[in-house]
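Working notes, structure below.
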Amino acid sequence: MKSQLSYDVPLSNLEFVASKMLPPEAQKKIQCWIRSRHLICSGNFFVFETVDYSAVERFSDCVIALGGTIISVDPVDKIWMGDHRQVILYRAKASLHTPCHTLKQYWIKYGGFRSRFDPQD
């Protein structure tokens, strides 16, 4: 007799099952990043900038859940946080394969052309 907690999933696939995200949740997270100016749209690509590498991993999960791909993740610059601490700024570039995706329309309405980490002129 099987327990209610047993699964027919091999142990090697458990990490994949646990990290799977549903598209509505992924879309809400991406919309939040658009409003906070962490995520901008540049041509057909979405560019995500943050100082937290775990946020880059969450962004990657969201893009994959929506059917897109991550093109690159690069450390761009070191920025000062306060007087004594420097942190690395990461930039992730992604493509969502669908030109009329609702996220692009959302970015047009609520987003900006500059991220929150762009230097002020």
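Throughout, read-outs are computed from the coordinates displayed, never taken from laboratory work. Computed from a predicted model, the values in this text were never measured in an experiment. No Cβ is skipped: glycine too gets one built from the backbone with ideal geometry, and neighbour counts run over all protein chains shown.
In loop segments of the stretch 38-121 as defined by DSSP, the trypsin sites (Lys or Arg not before Pro) with at most 14 further C-beta atoms inside 10 Å of their C-beta are Arg114, Arg116.
The orientation-averaged projection of the convex hull spanning the C-alpha atoms of the stretch 23-99 amounts to 5.2 square nanometres.
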